[in-house]
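Chemist: Quick one: this structure, given as structure tokens, is what I'll be asking you about.
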Amino acid sequence: MADEWSDSRRRVLEIVAQLAADEPVQLAEVAESLGGHSNTARHHLEALVKSGDLVATTVPSAGRGRPPRAYAPTEQGLATLRTLPTDPHAEIIQTLAEVTVGSPEAAVTARALGEAWGRRRAANAEPGRDGWDLALESLEALGFAPATDPSGETWLRACPMLALARTNPEFACTLHESMVQSLLQATGATESAVVAPRLVAGGCRLQRLPRRPARSTADQGASNTGR
């Protein structure tokens with residue numbers, strides 16, 4: 001049973017559930033999000049098909065050789081995700097989101113958590129690290145599988161808090177966005193970032209933006225006087 005539901009197998013099921021929201025996903029995309037060798041991802045994918053948690057279809061191919069397979073979660077697979085033991089840290093955040101949902105404090109709580117999270121990760125980093133590189137490294141370590149495409153756009157190909165993102169996307173995205181923003185600010189980076197959720201199937205865009213200069217006390221006073 002331990003091998004059957006290892007962390008990696010659970011992660012593969014979560015990745016497919018996210019990436020295949022609009023259409024079945026192929027091995028290469030799953031392997032990219034999971035990290036490691038594609039044979040590892042293939043092993044877990046086929047095991048999940050055998051267990052009935054995923055369904056596989058053949059993708060038409062114009063070339064020679066064995067046509068590729070694409071995968072999507074079954075109703076059983078989605079139910080499995082809901083019944084598997086949850087990560088205790090994600091469970092705590094999920095509980096916070098449930099307690100504050102619908103209240104004016106929900107977004108404030110999510111942002112405060114994210115900001116504290118980002119400051120902590122920045123404080124534990126080696127001094128002098130580039131803020132953007134550290135942000136991407138942190139996102140990778142946390143399971144977001146960031147990837148930068150040829151045009152320079154950065155996409156978050158997975159979500160370690162998928163259950164929260166499905167039930168309370170505003171809380172989850174605010175939490176993650178403010179974590180990155182806080183980390184960048186704490187490292188003195190000249191840029192900030194915003195998370196644009198699910199602009200493509202299975203991916204959120206992490207948009208890199210120039211940091212707006214902080215307003216001085218004098219500027220704020222002049223603004224208030226002019227009202």
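The values are calculated or read from the model by the stated rules, or taken from the named source; none is laboratory data. What you see is a predicted model; the values in this text were computed from it and never measured. Glycine also receives a Cβ, built like all others from the backbone with ideal geometry; neighbour counts cover every protein chain displayed.
Chemist: Need pairs with beta-carbon distance below 6 Å; first residue modelled with pLDDT under 70 and within the stretch 76-100, second part of a helix (DSSP H, G or I); sequence gap 6+ or separate chains.
Modeler: Close Cβ pairs (under 6 Å, with a partner that is part of a helix (DSSP H, G or I)) amount to 94/164.
Chemist: Here's something else I'd like to know. What number of residues in the stretch 36-60 are under 23 Å from residue 141 (Cα atoms) and in contact with a helix residue (DSSP H, G or I) (Cβ under 8 Å, 6 or more places away or on another chain)?
Modeler: The qualifying residues number 7.
Chemist: Based on this model, can you work out whether residue 30 counts as of a type in the set (Val, Ile, Thr), at pLDDT 85 or above and either within 19 Å of the chain's Cα centre (by Cα) or part of a loop (DSSP other than H, G, I, E, B) (or both)?
Modeler: yes
Chemist: Among the residues in the stretch 136-151, are any more than 16 Å from residue 207 (Cα to Cα) and part of a loop (DSSP other than H, G, I, E, B)?
Modeler: Checked the stretch 136-151: at least one residue is more than 16 Å from residue 207 (Cα to Cα) and part of a loop (DSSP other than H, G, I, E, B).
Chemist: Follow-up. Can you report the number of residues in the stretch 153-176 which are farther than 19 Å from residue 141 by Cα, in contact with a strand residue (DSSP E or B) (Cβ under 8 Å, 6 or more places away or on another chain) and among the hydrophobic types (A, V, I, L, M, F, W, C)?
Modeler: The number of residues fulfilling the criteria is 0.
Chemist: Against the definition (touching a residue at least 24 places away in the same chain (Cβ under 8 Å) and surrounded by fewer than 18 Cβ atoms within 10 Å (Cβ to Cβ)), how does residue 115 come out, yes or no?
Modeler: no
Chemist: Name the residues in the stretch 92-135 that are among the hydroxyl-bearing types (Ser, Thr, Tyr) and in a loop (DSSP other than H, G, I, E, B), would you?
Modeler: Answer for the stretch 92-135, where residues must be among the hydroxyl-bearing types (Ser, Thr, Tyr) and in a loop (DSSP other than H, G, I, E, B): just 103.
Chemist: Still on this structure: Among all residue pairs at least 6 apart or on different chains, which show Cβ distances below 8 Å where the first residue, located in the stretch 174-199, is assigned to a loop (DSSP other than H, G, I, E, B) and the second is among the charged types (D, E, K, R)?
Modeler: 187/129; 187/130; 189/130; 189/211; 190/211
Chemist: Tell me, yes or no, whether the stretch 169-181 has at least one residue that is modelled with pLDDT under 85 and surrounded by fewer than 19 Cβ atoms within 10 Å (Cβ to Cβ).
Modeler: The answer is yes; a qualifying residue exists.
Chemist: Does residue 218 count as over 23 Å from residue 127 (Cα atoms), outside the structural domain of residue 132 (by TED's automatic domain parsing), in a helix (DSSP H, G or I) and modelled with pLDDT under 70?
Modeler: Yes, satisfied.
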